[in-house]
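Working notes, beginning with the structure itself.
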Amino acid sequence: MDLTERFINYTKFDTQSSEDSDSVPSTAKQLEFAKYLTEELKAEGLSDVEMDEMGYIYATLKSNTKKKTPTIGFISHYDTSPDASGKDIKARVIKNYDGNDIELSPGIISSTKKFPELLAHKGEDLIVTDGTTLLGADDKAGIAEIVQAMCYLRDHDEIKHGDIRVGFNPDEEIGMGAHHFDVEKFGCEWAYTMDGGDLGDLEYENFNAAGAKVYIKGVSVHTGYAKGKMINANRLACEFNSYIPETDIPETTEGYEGFYHLLGIESRTEEAKLSYIIRDHDRDKFQDRKKFMEDIVAKMNEKYGEGTVRIELNDQYYNMKEKIDPNMHVIDIVLRAMQESAVPPRVEPIRGGTDGAQLSFRGLPCPNIFAGGVNFHGPFEFVSVQVMEKAVQVITKICEITGNYED
């Protein structure tokens, strides 16, 4: 199976995760793909292939050298984002993209004006959707690249390498992917998530992240007799959000600038719930942002009565940079692999997070490498076949370099 065929085959599985679930994985349909992927790894000749009851998959490409080498790993997640449908994905390949707008379906246009990233891939073969679903390159492109690289190394015994571990997991898109990842079982000195964006992306800085749920308790009274009695939770929800500075939202920030993002509002007169994510690269500013949310709650309770508003704050992950900095050889190997694969590196902070952030804090240094997808989480997502092929080359080079690694 070639790389394109493998990836498109993966997209046929609906693996959307859900923030409204307490199960692991968050959706049962993820397990259907996990079972398929487990059998594929066995069929491709990998060793120690296993899937646990939560859908976490582990496997090994055995060493082909007598030299003592570090055991390293490659990790990707197989769930897709709740932000757009992942059902009945209709992926197709546009050969030798000409640089013009792409009609995904009648009336649905992926334009170079709105998505100038397309122009960087003129002349390449692009895999796109029909404009009604996401594609799932985040992160099934990463899985396809890892599996393809393992098959290449399996078939090219002249490339010497140590034990290579692969790990595939659910629920990354809802911030839960690394929670049940068995680092001890994985048994690696370091690893890489193949979950980055376009060609050359290399990331080892990410946001500190928290989720916030704001609950508002209203009082419903007939509108004709409401004066001095009604507390309209709908209106208080709008008031709460009005305290968030417009300079501190995703639409107005970039680079290292943090933000508050309102994910959704559920409300009626009697009660309301607002869901936020809070992000900042700087740990102190991150703490200040959480305190700011708590201060809004206190201010509104002072105005409307104690207990009217309450907040639940939960840290999700932290900036992996503080764990990668003492292990910069992990980055040096990637930079060398990119150079030998003719890939110009783009080292930038992630305006988001990956499973690697949580894993780094659990003792497994784990920076993030490009998988090739662009415009994630929406119907205009695409991936270049040539970029995916470069990712495969980088993975194999990392394995080769590590096979000759001297501490």
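Would you check which residues across region 1-30 are within 17 Å of Ile174 (Cα to Cα), in contact (Cβ under 8 Å) with a residue 40 or more places away in the chain and either open to solvent by less than 50 Å² (accessible area, probe 1.4 Å) or in a helix (DSSP H, G or I) (or both) and list them?
Asp14, Thr15, Gln16, Ser17, Ser18, Pro25, Ser26, Thr27, Gln30, listed by residue number.
The rows are residues; the columns are (1) touching a Lys or Arg at 6+ places or on another chain (Cβ under 8 Å); (2) more than 28 Å from Thr15 (Cβ to Cβ); (3) in a loop (DSSP other than H, G, I, E, B).
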site	(1), (2), (3)
Leu364	no, no, yes
Phe376	no, no, yes
Pro379	no, no, yes
Glu389	no, no, no
Val394	no, no, no
Thr402	no, yes, no
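Figure legend. Inter-residue proximity from region 61-73: first residues more than 8 Å from His161 (Cβ to Cβ) and in a loop (DSSP other than H, G, I, E, B), second residues open to solvent by 30 Å² or more (accessible area, probe 1.4 Å) and of a type in the set (D, E, K, R), beta-carbon distance below 7 Å, spacing 6+ or different chains. Indicated pairs: Lys62/Asp163; Pro70/Glu189; Thr71/Asp163; Thr71/Glu189. If you filter region 107-123 down to residues that are outside any helix (DSSP H, G or I), in contact (Cβ under 8 Å) with a residue 24 or more places away in the chain and of a type in the set (A, V, I, L, M, F, W, C), you find that the one that is most open to solvent (accessible area, probe 1.4 Å) is Ile108.
The set of residues in region 66-97 that are polar (S, T, N, Q) and loosely packed, with under 13 Cβ neighbours inside 10 Å contains only Asn96.
Taking each residue of region 385-407 that is under 13 Å from Ile333 (Cβ atoms) and at pLDDT 95 or above and looking for partners that are outside any helix (DSSP H, G or I) and among the polar types (S, T, N, Q) with beta-carbon atoms closer than 8 Å, six or more apart or interchain, yields Val394/Ser341; Lys397/Ser341; Thr402/Thr69. Of the strands (runs of 3 or more DSSP E) that lie entirely inside region 124-211, those containing 2 or more residues that are open to solvent by 10 Å² or more (accessible area, probe 1.4 Å) span 201-203. Across region 252-273, the qualifying residues are those that are within 25 Å of the chain's Cα centre (by Cα) and either among the aromatic types (Phe, Trp, Tyr) or exposed (fewer than 13 other Cβ atoms within 10 Å of the Cβ) (or both), and the one among them that is nearest to Leu313 (Cα to Cα) is Tyr260.
Is there a residue being among the hydroxyl-bearing types (Ser, Thr, Tyr), in contact (Cβ under 8 Å) with a residue 40 or more places away in the chain and assigned to a helix (DSSP H, G or I) anywhere in region 308-321? No - not one qualifying residue is present in region 308-321. The test for being of a type outside the set (Ser, Thr, Tyr), part of a helix (DSSP H, G or I) and either closer than 29 Å to Glu348 by Cβ or free of Cβ contacts under 8 Å to residues at least 24 places away in the same chain (or both) holds for Glu251. Does any residue of region 49-57 turn out to be farther than 23 Å from Gln358 by Cβ, open to solvent by 70 Å² or more (accessible area, probe 1.4 Å) and either among the polar types (S, T, N, Q) or modelled with pLDDT of 95 or more (or both)? No, every residue in region 49-57 fails to be farther than 23 Å from Gln358 by Cβ, open to solvent by 70 Å² or more (accessible area, probe 1.4 Å) and either among the polar types (S, T, N, Q) or modelled with pLDDT of 95 or more (or both). Taking the listed residues Lys227, Lys299, the one that is assigned to a helix (DSSP H, G or I), open to solvent by 30 Å² or more (accessible area, probe 1.4 Å) and among the charged types (D, E, K, R) is Lys299, with no other qualifying.
The values are calculated or read from the model by the stated rules, or taken from the named source; none is laboratory data. All figures in this text were calculated on a predicted structure; none of them were measured in a lab. FYI the Cβ positions are ideal-geometry reconstructions off the backbone, even for glycines, and counts take in every protein chain you see. Heads up: the accessible areas ignore ligands, DNA and RNA and are worked out on the full protein's heavy atoms, side chains in. Shrake-Rupley method; radii C 1.70, N 1.55, O 1.52, S 1.80 Å.
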